[in-house]
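Okay, structure first, notes after.
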Amino acid sequence: MLPAGPYEHKQFEKEILDFWLAGGYYRPEYSPIADSVISTEEMKKDSRLPWCLICPPPNAYGRPHIGNISGYAYMDSMARYQRMNGKKVLVLPGKDHAGLEGEGVFVREVLEKQGRNKFDMKREEFYQEMMEFNFQNMEKGLQDEKNIGLSADFSRNTFTLDPDIVDTVLETFVQMYKKDMIYKGVRIVNWDPKARSVVADNQCVREERDGSLYYIKYPIVSSDESLTVATTRPETMFGDTAVAVNPKDKRFASFIGKTVRIPLTDIEIPVISSFRVLEDFGTGALKITPAHSQDDYQIMMEWNKENTDKTIGYQNVIDKRLTLVGKTPEKYKGRKYKEAKEEILKDLTEQGFLVKEEKVKQNVLIAERTKALIEPLMSSQWYLKYDSIKEESKKMVNDGRINLFPESMVDKFNFWMDNLRDWAISRSLWWGYRLPVWYAGEVKEEIDDNGEVRELIRTSNLTRKLNSEVTVEHARVEDAEAIHRINVDGWHDNFVDEAAGVTLERIQNEFGKRYDNSEAIEKHKADIVSPNYKYLVAKSNGEVIGWAITENLNIDDTKWFDVYVDRNWRSKGIGSTLLDAMISELPETTFHLAVPEKSPAVKFYENYGFVEYDRNSENEYGLPIIQMKKLPEWEEVEYGNENHIKVQQDSPGEGWIQDEDVLDTWFSSGQWVYATLKKYDLMDTFFPSDVMVSGFDILENWISRMIMFTYFHEGKEPFKNVYLTGLVQGTDGQKMSKSKGNMIDMDKIVAEYGTDAVRLAYFYQNSAGASYSITPEKLKNFRGFLNKIWNASKFVLNNEQYIDQSVILSLSKYDIDSLKLDLSKKVLTHINEVNIHITENIEKYQLGLATFNLYQEFWHTYCDILIEESKEYLWDKKDKETGAIISSPKAEDRAEVSTVMIFALKSYLKLLHPFIPFITQTIWNEVPKDETDHKVLMYSQWNVK
RNA sequence: GGGCAGUUAGCUCAGCUGGUAGAGCGCCCCGUUUACACCGGGAUGGUCAUAGGUUCGAAUCCUAUACUGCCCACCA
């Protein structure tokens, strides 16, 4: 018996959810015949057809957003439908580590709130903490998935950084590398000089600053004429490879194709055209420096694509230390570009090239975190070449091996596939899959005299061992303590303390404040000038941040130094600059470092030499000891040469240095389907999967890559169908944003209207790929619909006592002729039509239409017409005043009608179940069942096969 | 700049490979209380963005235009 009163979702949803979860019904191993969970082996042998859906993994660090949740509703409806059709269904949920965004959230929401800095941590520590952070949050996300009713096999919830997944993903990288699909190439990146790292576009902000626009004359070769360009960055002019004008600009039409000379040099460059050049900005002529401007880079790429016989190149003139390099004239070369700029301008003026200077407001790109001015420059990155996999992948979608819903997205897909360029797969992050690339020594990037980016390697001799006997006595901690009171904080810089006669590192802290430490130096001058110390850096809180070096002893004609390095030092540069100085001063020297236990001494490799580091050794002060030796000369990295580089998952041995970068998150999520199925050894049964449900906005980035990776790895398609959902908009139909205040609070609306009502709002009248909004009006309406189902069920089930078993038989065969009453025939015909119609809708993935039709038919046909008409056969006639029964319907009519109506209700419960599982299961529990029915509605036979 | 969608009743949206425009909400009128006021019946309301074209016939196919959204090599 269903309780009287309106449907109260709160009363039932929790109970139903527990029922589903406890019974193992979400697992493919659940056998509806045995009513128990069988072994995986038995399941595989089971004659039921397999059906599989791998869930797109949302971010692990947070709760799934409303778009993810709507996706789950779609996935769940499909899965339940398939179970009702007798399939063994695997829905595999998971969570994504979400590379850049995951790391960003952790740094902002956790570290910064604790006043900590990522660069104070060791990579391994950071990774470990972040992993824990993710695992803590993953539970919350899983609960949301369960709450929306997602019938996924939660025992197989998988994280993208699960060791099994990592194995598969990295193995793919290695294979691709071996097949020459992965290579290193050069491209323009946003360089944050403060963080000494590449940053993503969306980690940068634009900021308006005062600047100058310089008008510079570029003489035309073999002519007295000249072309004047306007630029805010004259210092990059030696990197110009063209001057561009707008092809529509009549003033410059005759210049296109001519050659101009870069002032102060004898470099000649062509005049090209680009629609990107604004005629009314500056002079209408733009100098093109592709290596140091994203816009210019674009113009170069476009020009080269159109003019394959007259391509232009790029010239690097600024390196990662912001020093002028490459084809910069000797006069300015090797200097920081900010200093050199003044002199360049002076020379331009003197030689008559500088026409004028104009004050302007300019938008500059700033790194969001460090606030440093971004320097666009060329840097070598790992790339994936799609050539060998893209054609077949494209075919899969076009010949129907993979169907896209909506179909119109095929055009979008094809356009993407036809315009694929090689994919840069490395990211300057810590969180993610570290590249399985190992170098036989330290690697550095350098810009040569031709302006080309070169990668150099210095391989190490891996056999030398530490001589701990000698070193112990040279550590001088008591001296270091005298030094570290000097106040230096933040970012480093070099300066010379003339009074002391030494080079010191000066620190600028990361918020951009310049720290004047002269006072502190004065105070501790006595310490500084101590003959024992040559170089030092210490922190204001008393810790030695950089190091102190003492030249204290000669043994066997070898000079030894003790170097103290605090474990919290934050940059390669701190050590390298000073070590550089030492090396140049004492070229054939063996150095000796003592560092606290946790020091990332490995960082010293960069500009220095191989470090032999024995963690177990200790000197008398409890510090482990490092020995440094001068290393072989730099040589150019030869890819493919196993003496330089090895691509494999595990370290090839001591001394091999792993690439610092991690893989783009798409590189791993692109392998999600087979990586997960492999992990659980289910490829034989569930691959290829049946459906992928995803937002249409990641068709290109994700879906296409999954297809390509899976083709590479398995030679097959990852899934047969792709259902692309639209975006969920805010309560006012606009795009959701916090500032508009139209965010949808999932917890609130679920509490108020119930899970089923929210699910219906996702489905109803929605079509694949279309955006839709969830408004209170809709939710109210669907709550009303649930109530209607509830009340109709109460009414119909109230007549359960009259059921006639013989009628049930003919109903299940849809044998209309055997029914006596017109109403019964009408009901059965109606149910039959609805069954066919809805099944067709679902099979075509028209879930919006299916729910729309169900809503209409159930409410306005079944309830408003058929139930109303049935009352004549079900109700006693009563006297209006006394309430006494005047007459009753004929017993056999009442039996037939009540049986038919209950049959119809059960049919509707099945049809509705994929969309609104909670209420339908609740009612199902009270419905009279026969042998084809299962206590779990999602395992009851679908009406139409 | 390019690609892909969208533009249908006051609002939110359907309309499944061309055949006399649909739903929900809102508004208006009427009714009912032995499933349901989170109810029933009815009414009002759109030259389907604009302009051309194909066709016996176009919301639907084609072309152009205008707006809106999404994507476009370090956001998943």
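Worth pointing out:
- Members of the stretch A:110-128 found to be over 15 Å from residue A:195 (Cβ atoms), in a helix (DSSP H, G or I) and without any contact (Cβ under 8 Å) to a residue 12 or more places away in the chain, listed by number: A:113, A:114, A:124, A:125, A:128
- Residue ID - farthest from RNA strand B (Cβ to nearest atom), chosen from residues in the stretch A:690-717 that are within 23 Å of the chain's Cα centre (by Cα) and within 10 Å of residue A:53 (Cα to Cα): A:691
- Selection over the stretch A:126-145 of residues that are surrounded by fewer than 19 Cβ atoms within 10 Å (Cβ to Cβ) and among the charged types (D, E, K, R) gives a count of 4.
- Only residues that are outside any strand (DSSP E or B) and closer than 21 Å to residue A:687 by Cβ were counted across the stretch A:82-99, and they come to 6.
- For the stretch A:254-263, the set of residues classified as assigned to a strand (DSSP E or B) and in contact (Cβ under 8 Å) with a residue 40 or more places away in the chain consists of A:260, A:261, listed by residue number.
- Condition met for residue A:787 (closer than 30 Å to residue A:71 by Cα, surrounded by fewer than 22 Cβ atoms within 10 Å (Cβ to Cβ), within 14 Å of RNA strand B (Cβ to nearest atom) and free of Cβ contacts under 8 Å to residues at least 24 places away in the same chain): no
- Residue A:75 meets the conditions (1) under 31 Å from the mean Cα position of the chain (by Cα); (2) in a loop (DSSP other than H, G, I, E, B) in every case but one. The failed one is (2).
- Spans of helices (runs of 4 or more DSSP H) in the stretch A:783-869 with at least 1 residues of a type in the set (Asp, Glu) and at pLDDT 85 or above: A:822-843
- Contacts under 6 angstrom Cβ, first residue in the stretch A:265-290 being in contact (Cβ under 8 Å) with a residue 40 or more places away in the chain, partner within 16 Å of RNA strand B (Cβ to nearest atom) and assigned to a strand (DSSP E or B), 6 or more apart: A:272/A:244; A:286/A:244; A:288/A:244
- Residue in the stretch A:875-884 that is in a helix (DSSP H, G or I), within 16 Å of RNA strand B (Cβ to nearest atom), out of contact with any Pro (no Cβ under 8 Å at 6 or more places or on another chain) and not β-branched (Val, Ile, Thr) present: no
- Top-ranked residue in the stretch A:169-213 [being away from RNA strand B (no atom under 16 Å from the Cβ), surrounded by fewer than 19 Cβ atoms within 10 Å (Cβ to Cβ) and of a type in the set (S, T, N, Q); ranked as farthest from the chain's Cα centre (by Cα)]: A:212
- Residues satisfying the stated conditions in the stretch A:387-406, i.e. hydroxyl-bearing (Ser, Thr, Tyr) and crowded, with 19+ Cβ neighbours inside 10 Å: A:393
Per-residue answers, yes or no, for (1) of a type in the set (S, T, N, Q); (2) buried (at least 20 other Cβ atoms within 10 Å of the Cβ); (3) modelled with pLDDT under 90:
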{"residue": "A:4", "(1), (2), (3)": "no, no, yes"}
{"residue": "A:14", "(1), (2), (3)": "no, no, no"}
{"residue": "A:22", "(1), (2), (3)": "no, no, no"}
{"residue": "A:38", "(1), (2), (3)": "no, no, no"}
{"residue": "A:44", "(1), (2), (3)": "no, no, no"}
{"residue": "A:60", "(1), (2), (3)": "no, yes, yes"}
{"residue": "A:69", "(1), (2), (3)": "no, yes, yes"}
{"residue": "A:91", "(1), (2), (3)": "no, yes, no"}
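- Checking each residue in the stretch A:340-382 for being away from RNA strand B (no atom under 16 Å from the Cβ) and among the aliphatic types (A, V, I, L, M) picks out A:340, A:344, A:345, A:348, A:354, A:355, A:360, A:364, A:373.
- Matching option when the condition is within 16 Å of RNA strand B (Cβ to nearest atom), without any contact (Cβ under 8 Å) to a residue 60 or more places away in the chain and over 30 Å from residue A:204 (Cα atoms), among A:414, A:419, A:403: A:414
- Residues of the stretch A:831-870 satisfying the condition of being farther than 30 Å from residue A:79 by Cα, more than 7 Å from RNA strand B (Cβ to nearest atom) and charged (D, E, K, R): A:869
- A single member of A:870, A:824, A:818, A:793 is touching an Asp or Glu at 6+ places or on another chain (Cβ under 6 Å) and not aromatic (Phe, Trp, Tyr), and it is A:824.
- Scope the stretch A:192-241; condition in contact (Cβ under 8 Å) with a residue 40 or more places away in the chain and on the phi > 0 side of the Ramachandran plot; matching residues: A:196
- Within the stretch A:277-284, not a single residue is exposed (fewer than 15 other Cβ atoms within 10 Å of the Cβ), modelled with pLDDT of 80 or more and of a type outside the set (D, E, K, R).
- Only residues that are of a type in the set (Phe, Trp, Tyr) and either in a strand (DSSP E or B) or within 16 Å of RNA strand B (Cβ to nearest atom) (or both) were counted in the stretch A:214-253, giving 3.
- Residue match in the stretch A:359-377 (condition: under 25 Å from residue A:227 (Cα atoms), more than 35 Å from the chain's Cα centre (by Cα) and loosely packed, with under 13 Cβ neighbours inside 10 Å): yes
- Residue within the stretch A:889-899 that is within 16 Å of RNA strand B (Cβ to nearest atom), among the hydrophobic types (A, V, I, L, M, F, W, C) and touching a residue at least 12 places away in the same chain (Cβ under 8 Å) present: yes
- Residue in the stretch A:923-930 that is surrounded by 21 or more Cβ atoms within 10 Å (Cβ to Cβ), under 24 Å from residue A:26 (Cβ atoms) and touching a helix residue (DSSP H, G or I) at 6+ places or on another chain (Cβ under 8 Å) present: yes
- Candidates A:151, A:155, filtered to the one that is among the small types (Gly, Ala, Ser), more than 19 Å from the chain's Cα centre (by Cα) and part of a helix (DSSP H, G or I): A:155
- The stretch A:706-720 - residue that is surrounded by fewer than 23 Cβ atoms within 10 Å (Cβ to Cβ) and out of contact with any Pro (no Cβ under 9 Å at 6 or more places or on another chain) and, of those, nearest to residue A:421 (Cα to Cα): A:712
- Qualifying residue in the stretch A:276-287 (condition: more than 16 Å from RNA strand B (Cβ to nearest atom), among the small types (Gly, Ala, Ser) and assigned to a strand (DSSP E or B)): yes
- Residues of the stretch A:762-784 that are more than 9 Å from RNA strand B (Cβ to nearest atom) and either touching a strand residue (DSSP E or B) at 6+ places or on another chain (Cβ under 6 Å) or under 29 Å from residue A:407 (Cα atoms) (or both): A:762, A:763.
The values are calculated or read from the model by the stated rules, or taken from the named source; none is laboratory data. All figures in this text were calculated on a predicted structure; none of them were measured in a lab. Virtual Cβ from ideal backbone geometry, glycine too; neighbours counted across all protein chains shown.
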